[in-house]
Structures are given as C-alpha cells and as structure tokens.
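Working notes for the structure below.
The values are calculated or read from the model by the stated rules, or taken from the named source; none is laboratory data. Please read these numbers as outputs of a predicted model, since none were measured by experiment. No Cβ is skipped: glycine too gets one built from the backbone with ideal geometry, and neighbour counts run over all protein chains shown.
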Amino acid sequence: MLLLRPRFWMCLVVCLSSSFVIASDDNELNKLMSQIGTDMVGLYPIVVSADLPGEKDKAQIRNKTASLLEAFRKAGPFFGEKSKTYKLSYSLILDYLENTQRAIDGNKWQSVTLRLSSLGEICTSCHTQDTKLRSLYAGTGRGAFPNDLAYAEFNYFTRNYMQAERFYARFLENAGKQDDVGILLVFQRLITIYAQIYNLPGDGADKLQAFLLKLEGKGVKTEPLVPLVFGMKNLQKSGLSKVDDVDFSDLKKYVRKYLGPLDGPLSSFIVRPEEEVERVWLRGLLFHYLNRQPSNDEIPQILFWLSVTDRSLNYNYFYSLADMYLKECVYSYKEHPYAEKCYDEYREYMLFSYTGSAGEFLPPEVESELKDLRERIDAKD
C-alpha cells in the first residue's frame, strides 16, 4: 500500500473538491475547495520526489501548506450540520495539517514530505460514508495518468465508480504475477463499492468471480482473493442487500452477528478474509444510520462499533479512524456507559501496539492521553 501513496495524495485534490461541491452550492465553499486543489497540485511534484526539498522547494512547501491550513480552517463551519464521523474526518485532516505546519516550523523536512505524501489516504474516511456519486466535477482524462490503475484510483476517489470499474478491469486484464499488491487493492475497492456503497453484493460477487477466473488463467496467484469472492457470495445469500431502513434494535442485532458479543477489549480484532466482507457491509449500515442524526444515547455505541469494525479491517479498505472514534466517545459522552468500553478498547490497543520483545513501553504522550481520558470518565459525577 505504501507504494500507492503518491497516487492517493494526488487524488485528494479532486476527492475533497467533489465532496464539498456535492454537499453545497455555496460560492465561498467552492472557492475554498478550488484554492485547496490549486495548492495541492503545486505541492505534488515536490513531496513525491525521492530527494529532500531544496531551499526553493522549501519556500513552496511553506507557502502552500500555510494556504491549505487557512482554507481548511475556513471550511470548518460547512461541517457544522454533518454527522459525527464527517466532522472527525475533517478534524483529522485539519489536525494533520497543523502538525505538518509544526514540522515545517521545526525544519523537520523528512517528516514534512512524508506527512504530505500520506495525506491523501485520509480522504477515503469521508467518501465511503455515504452513497453519493460525483455530480459536478468534470474530471481529467486517462492521458494525465501513468497507468490504468492510477486513473482508476482517481475515479474511485472522485466517486465516479463506473469509470473506476472500467479502468480497474483494464488493469486486471493486463496484470501479471508481479502485480499482486495492486490486484488485491482492486478487489478491496470493488468490495467497498458493492458491499458498502451500492449494497449490491451479488453483482459484486459476479464481477469478482469473473476477474478471479481470468487471473487464474494467466497463472496469477489468487489464493488471497478466493475468500473475498466467497465472502461476497455469502453476503448475497444472506439477503442483507435487502436491508435498508433499520431501527436501533435491528442495528444491534447485526452488530452482534458480525462483530460478536464484544465482551472485552480487542475481542473482535482479528478476522478471516470472508469476514472482512461482512464488516465492510456493516460499516456502511452504521454510517447510514449515523447520518440520520441518531440520539445522544445511540451515538457513543455506534462510535464504538465503528472503531472495532475499522480496526479489524486493518487499513485495507480505507483510512481508519478507529482511535478518533474511541476518543470522541469519551470526550463527548463521558457520562454514557459506553465511555468506559471505549476507553478500555483504546487503552488495550495502545498497550498491544507498544508491546514488543523489550516489553511494554508507552510513549509519554500516549500515557498522558490515557490519563486525561481516564480522568474525564472519573470526573463525570
């Protein structure tokens, strides 16, 4: 996945633009998104370079990053009526840019270029939360991209899923044994489109099965792909594609079915590939319910379930906001019973992440954050 970061970053220019434009016709907002796009296009050749930036490039990075940060800050009010998770996606990008600005101020240029080249991976955390398609963005032709996969990704991030599929297919038709990372990525993209966004797992299963047979005929190693196709077929057989408008009690039933009882931290952390497909579908159901503005009693539970779902998918399908979901659960709903569950889940994952052969070691900033979260819950009375 790291090899694809430059393409992800480039696609953020248009995916953010189309996301905001679809949400509003406001001229000021369109102007802000145009500015963001211009700034990021100007930064692109610099941040994907193998060399550290020279003095001229550093000046460009300073100016463009400051401009980006200003534009994102101005865009904040347009998220006021969005769901919690849309706001968290926005907050993540804003925080990410502020930290990048601090790295620039500290002349930490290797960190700066790495952060900027990774920024585009965040955009999927926003775009896969609904079923919107691109409407106003005219797009760029295939000739502007180095290969079919890059152009397919461009269309995927700008919500032009029909065009994305067309060029994913072209990539798969020409893929060889050396393209295993790209092939797996394409399958995961199509699963997200058909299991989460379209909610048409049967159609997705048919497409993936056809691609699988073609790849097998070319001698490509397909063992990791078979369970994914199997999972899509099972999803269709389950009848879940007919599920649409659910109440909260129904939502809890689906959560228990596909996440398990969740009776302890990290209890649903590792899953089989075919289970990944079910959780991509469940993620869509959770987002759709959340976008209907549920009650304050329901939101922390949904945030907890989304964090478990995202973590178990392990960044394979989209940028994970699992940590932010859990912290938001505590910060905004500290009096809710799920605040304790969110804290425990976050704490156990931090301990898991920072435990190695030398034993357990939590960085001071993580210990401080955990202490703050704990104190917030303890002070709720």
By residue number, the members of region 152-187 that are in contact with a helix residue (DSSP H, G or I) (Cβ under 8 Å, 6 or more places away or on another chain) and of a type in the set (S, T, N, Q) are N155, T158, Q163, N174
Give the residues of region 98-117 that are among the β-branched types (V, I, T) and closer than 17 Å to D51 by Cα, sorted by residue number. I104, V112, T113
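Could you grab me the full set of residues in region 167-195 that are within 16 Å of L313 (Cα to Cα) and either in contact with a Pro (Cβ under 7 Å, 6 or more places away or on another chain) or modelled with pLDDT under 90 (or both)?
Once the filter is applied, which keeps residues that are within 16 Å of L313 (Cα to Cα) and either in contact with a Pro (Cβ under 7 Å, 6 or more places away or on another chain) or modelled with pLDDT under 90 (or both), region 167-195 yields L184, A195.
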Within region 262-381, helices (runs of 4 or more DSSP H) holding 3 or more residues that are of a type in the set (D, E) and either surrounded by 16 or more Cβ atoms within 10 Å (Cβ to Cβ) or not assigned by TED's automatic domain parsing to the domain that holds F157 (or both): 273-290, 337-353, 364-378
Out of I197, I183, I193, sole residue that is in contact (Cβ under 8 Å) with a residue 60 or more places away in the chain and among the hydrophobic types (A, V, I, L, M, F, W, C): I197
So D250 passes all but one of these: (1) under 30 Å from Y289 (Cα atoms); (2) not assigned by TED's automatic domain parsing to the domain that holds N314. Which condition number does it fail? (2)
Could you grab me the full set of residues in region 336-361 that are touching a helix residue (DSSP H, G or I) at 6+ places or on another chain (Cβ under 9 Å) and among the charged types (D, E, K, R)? E340, K341, E345, R347, E360
On the basis of being surrounded by 15 or more Cβ atoms within 10 Å (Cβ to Cβ) and either within 17 Å of L190 (Cα to Cα) or over 23 Å from the mean Cα position of the chain (by Cα) (or both), does V220 make the cut? yes
Looking only at region 37-63, and only at residues there that are in contact with a helix residue (DSSP H, G or I) (Cβ under 6 Å, 6 or more places away or on another chain) and of a type in the set (G, A, S), the one that is modelled with the lowest pLDDT: G37
Look through S91, S125, S117 and report the one residue that is under 30 Å from S332 (Cα atoms), at pLDDT below 70, surrounded by fewer than 22 Cβ atoms within 10 Å (Cβ to Cβ) and within 19 Å of the chain's Cα centre (by Cα). S125
